[in-house]
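Just dropping this structure here.
Only the coordinates and a few stated rules stand behind these numbers; no lab work does. Fair warning: this is a prediction, and the values are worked out from it, not measured in the lab. Using ideal geometry, Cβ is built from the backbone for each residue, glycine included, and neighbour counts are taken over all protein chains shown.
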Amino acid sequence: MQLGNDISAVVTGGASGLGAGTARALAARGVKVGILDLNEPRGRSFAAEIGGAFAKGDVTNEASVMEALGALRKANGQERILVNCAGIALAKRSVRRVRETGGIEPHDVASFRKVIEINLIGTFIMMTKCAAGMMSLEPVGPDKERGVIISTASVAAEDGQIGQVAYAASKGGVASMMLPVARDLAKDGIRVMAILPGLFLTPMFDTLPEEARNSLAASVPFPSRLGQPSEYAQLAVHICENVMLNGGTIRLDGAVRLAPR
C-alpha cells in the first residue's frame, strides 16, 4: 500500500510505547492517524503533537470500540490501516507455593481473564470491526488492496517464561489468528500480519530498576540492548508497504530467546 495523505490509520494503545512510535512514523509518512486509547490526557496531547485525532476507547467493549471508531472516521475517514498495540502484561505463576503460610495457591481466573480480554479478545474485536469498515472501501493499487491489519503478539507466544501463562496464552492466541483471518479476508484485499517484539522499551519496563533493565538488555545477542519503539514502527510501516506480507508473524527481537526466568 502506498502511504500518503489519502490513507487513514487507527492505532490502539497509540498514546505511548510501541503504539506511539508507530503513530508517529505513520504521521511522518503523511498518513491521517487516529489514536484509540484509554489514556485521554496523554492521547489527546500526543495526537495534537503529530497532527492526528484521538478517541477514548476500551478495546474489550464493542460499543466503546464502535463509538471511538465513529469519532476517528468522522475526523479522518474510513481507516485502511489498523495497528493493534493495546495490551497489558501480568507476572503470575499457574500455581505457586505461598511461603508465608506454606499453602498452595492456583492462578486466579479473574486476572487471567483480564489479560485474555485485553490482549486477545480486544485484538479480535478491533480486527473484525475495522475489517468490516475496510470492506466498504474501493480497492487501490495494482493488487486491488483495501487494507492492512497489524497486531502485536510477543516472543512470549513462542518462549513464554515462568509467570507468563496468561500473557503467553494471550499473545499465542494473537499469533494463531493471523493465518485464518488473512484467509478470511484475502478475497477482499485485506492483509493481516503480527509482529512478535522481544525486549522493547515500553511503559511495561518503567517500574523496573535500572540494574534489571541493563540485565535484560545484556541478554539480547545483537544488538545487546532493548529495542526502541521506532524500530517496531519501522517494521509496521514496511508491512503496510509490502503487499506480499500476509498471514504470518515476524519476530523482532535481536535473536533473543527468553530463558525460563
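Measure off 7 Å from each Cα along the Cα-to-Cβ vector at D6 and S136, then give the distance between these two points in nanometres to one decimal.
About 2.0 nm separates the two model spin labels.
List the residues whose amide H sits under 5 Å from the amide H of S151, counting only those 5 or more places along or on another chain, with H placed 1.01 Å from N in the peptide plane.
HN-HN under 5 Å from S151: N84, M193, A194, I195.
Same structure, new question: Within 10 Å of each residue's Cβ, count the other Cβ atoms and sort R213, R261, R146 from fewest upward.
On the way: R213 16, R261 7, R146 22.
Fewest-to-most ranking of R213, R261, R146: R261, R213, R146.
Quote the charge dipole size of the chain about the Cα centre in Debye, to the nearest 20; the model charges only the Cβ of Lys and Arg (+1) and of Asp and Glu (-1). Don't jump to the answer; show the numbers that get you there.
Values: 28 positive and 25 negative charges, 53 e Å.
I would put it at about 260 debye.
Straight-line reach only, C-alpha to C-alpha below 26 angstrom: list the lysines that K171 could link to, leaving out same-chain residues fewer than 8 apart.
Of all the lysines, those that pass the test against K171 - Cα under 26 Å, at least 8 places apart if same chain - are K56, K92, K114, K129.
Take I104 and E49, extend 7 Å from each Cα along the Cα→Cβ direction, and tell me the distance between the two endpoints in nm.
The modelled label-to-label distance comes out at 4.9 nm.
Here is a follow-up. Mind jotting down the distance between the C-alpha centroids of region 1-37 and region 164-221, whole Å?
A separation of 18 Å, based on Cα centres.
Now for a separate question. Calculate how large, on average over all directions, the projected area of the Cα convex hull of region 1-57 is; give the answer in nm² to one decimal. Intermediate results must be reported in sequence, preceding the final value.
Values: hull surface 13.2 nm².
So the mean shadow area of the Cα hull is 3.3 nm².
Could I have the simple spin-label model distance between K144 and A28, label points 7 Å from Cα toward Cβ, reported in nm to one decimal?
Taking the simple label geometry, K144 and A28 are separated by 3.5 nm.
Here's something else I'd like to know. Over the chain, what is the percentage of antiparallel beta bridges among all DSSP beta bridges, to the nearest 5? Walk me through the intermediate numbers first.
Values: 5 of 35 bridges.
The answer is about 15 percent antiparallel.
I would also like to ask the following. Please give the length that would be gained between A212 and V95 if that part of the chain were fully extended, namely 0.36 nm times their separation in residues minus their C-alpha to C-alpha distance (nm, one decimal). All intermediate terms of the calculation are to be shown ahead of the outcome.
On the way: separation 117, 0.36 × 117 = 42.12 nm, distance 2.47 nm.
Stretched fully, the A212-V95 segment lengthens by 39.7 nm.
Explain nothing, just the number: dipole magnitude of region 149-198 about its Cα centre with +1 on each Lys and Arg Cβ and -1 on each Asp and Glu Cβ, in debye rounded to the nearest 20. Intermediate results must be reported in sequence, preceding the final value.
Working: 4 positive and 4 negative charges, 28 e Å.
Charge dipole of region 149-198: 140 debye, to the nearest 20.
A further question follows. For the chain, what's the relative contact order in percent, using C-alpha pairs closer than 8 Å and at least 6 residues apart?
Relative contact order, the chain: 21 percent.
Work out the charge dipole of the chain with +1 on the Cβ of Lys and Arg and -1 on the Cβ of Asp and Glu about the Cα centre, then indicate which of I149, A132, T207 is farthest towards its positive end.
Positive-most Cα among the choices belongs to T207.
Then there is this: Please report, in debye to the nearest 20, how large the charge dipole of region 1-143 is about its Cα centre when each Lys and Arg carries +1 at its beta carbon and each Asp and Glu carries -1 there.
Working: 17 positive and 14 negative charges, 88 e Å.
Computed about the Cα centre, the dipole is about 420 debye.
Follow-up question, since we're still on this one. Among V10, V59, Q78, which residue has its Cα furthest toward the positive end of the charge dipole of the chain, with +1 on Lys/Arg Cβ and -1 on Asp/Glu Cβ?
Value: V59.
Put +1 on the Cβ of every Lys and Arg and -1 on every Asp and Glu Cβ in region 155-261; which of G198, L185, Y232 then has its Cα farthest towards the positive end of the dipole?
L185
Here's something else I'd like to know. Two decimals, Cα atoms only, Kirkwood Rh: what is Rg/Rh over the chain? All intermediate terms of the calculation are to be shown ahead of the outcome.
On the way: Rg = 18.4 Å, Rh = 18.7 Å.
Rg/Rh: 0.98.
Using the Karplus curve 6.51 cos²θ - 1.76 cosθ + 1.60 with θ = phi - 60°, work out ³J(HN,Hα) for each residue of region 139-151 in order, rounded to whole Hz, and write x for Gly and Pro.
Going residue by residue, I get x, 10, x, x, 9, 6, 8, 9, x, 9, 10, 10, 10 Hz, with x marking Gly and Pro.
Which of the GluC sites (Glu not before Pro) found in region 91-145 are loop residues per DSSP with 15 or fewer other Cβ atoms within 10 Å of their Cβ?
On the way: sites: E100, E117, E145; in loops: E100.
For GluC sites (Glu not before Pro) across region 91-145 that sit outside H, G, I, E and B with at most 15 neighbouring Cβ atoms in 10 Å, the list reads E100.
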